1. Being at pLDDT 85 or above, more than 28 Å from residue 151 (Cα to Cα) and assigned to a helix (DSSP H, G or I): is that true of residue 128 here?
2. Inspect all residues belonging to the range 138-160 and state whether any of them is in contact (Cβ under 8 Å) with a residue 60 or more places away in the chain, surrounded by fewer than 18 Cβ atoms within 10 Å (Cβ to Cβ) and closer than 19 Å to residue 52 by Cα.
3. Would you mind finding the one in 3, 42 that is modelled with pLDDT under 75 and part of a loop (DSSP other than H, G, I, E, B)?
4. Of all residues in the range 179-224, which are at positive phi and either assigned to a helix (DSSP H, G or I) or surrounded by 11 or more Cβ atoms within 10 Å (Cβ to Cβ) (or both)?
5. Looking at the structure I just gave you, is residue 53 assigned to a helix (DSSP H, G or I) and touching a residue at least 40 places away in the same chain (Cβ under 8 Å)?
6. All but one of (1) within 27 Å of residue 192 (Cβ to Cβ); (2) surrounded by fewer than 21 Cβ atoms within 10 Å (Cβ to Cβ); (3) over 15 Å from the mean Cα position of the chain (by Cα) hold for residue 65; which doesn't?
7. Does at least one position in the range 27-34 carry a residue that is more than 25 Å from residue 124 (Cβ to Cβ), modelled with pLDDT under 80, in contact with a helix residue (DSSP H, G or I) (Cβ under 9 Å, 6 or more places away or on another chain) and not in a helix (DSSP H, G or I)?
8. Could you identify the single residue in 168, 121 that is in a helix (DSSP H, G or I) and either without any contact (Cβ under 8 Å) to a residue 24 or more places away in the chain or more than 29 Å from residue 85 (Cβ to Cβ) (or both)?
């Protein structure tokens, strides 16, 4: 193997793995919605989405238990996801979205554990902090999609096909977690309102707590 190439197993445990995963998530957030309008490339985008989530299992942890749990959740999620091509069904789609909530939550908990075990601030920690923010928004997007599939008209939107829900709620989730609030999509039911408020509060608390922790740890290391 040429010296400038990194073996896959070494890449998965290198300091750059979180940067690469961060780029994949940004691609999911930005590129997929833009290209999703073209039917010819939609299948390739779905394959990209599948590979994206599978890579999370390897990148964020080397614990066998985590990898097994992650792959089980990913399997259920994408069986439900790909079945929408052949047997469109709201209940199956809702199961896939709920599984997505648990999977992204599992990934977040693993990254949080790694980040708070660190005793110094370096580029890997910065990548983790940014990645956690993006993953939190994706987790809420799965949750909102699950709510709309379980109880239609939870939000003031009109979508015909359940498969298109996720991209809409991905946009709504990022607008909510940043407290931007354009107002083009609003929660209708009490449950939807409660989760929207909770996401906005968690987004602000995360920024305050994590930034304070990073600055405090950096100052502490400097003083030593």
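1. Yes; evaluated as a whole, the condition is true for this residue.
2. Checked against the condition, which is being in contact (Cβ under 8 Å) with a residue 60 or more places away in the chain, surrounded by fewer than 18 Cβ atoms within 10 Å (Cβ to Cβ) and closer than 19 Å to residue 52 by Cα, the range 138-160 yields no hits at all.
3. Working: 42 fails: part of a loop (DSSP other than H, G, I, E, B).
Checking each option against the conditions leaves just 3.
4. Answer for the range 179-224, where residues must be at positive phi and either assigned to a helix (DSSP H, G or I) or surrounded by 11 or more Cβ atoms within 10 Å (Cβ to Cβ) (or both): 179, 181.
5. Working: assigned to a helix (DSSP H, G or I): yes; touching a residue at least 40 places away in the same chain (Cβ under 8 Å): yes.
For residue 53, the condition - assigned to a helix (DSSP H, G or I) and touching a residue at least 40 places away in the same chain (Cβ under 8 Å) - is met.
6. Condition (1) is where residue 65 drops out.
7. No, the range 27-34 has no match at all.
8. 168
The values are calculated or read from the model by the stated rules, or taken from the named source; none is laboratory data. Computed from a predicted structure; not experimentally measured. Don't worry about glycine lacking a Cβ; one is built from the backbone with ideal geometry, like all the others, and counts go over all protein chains shown.
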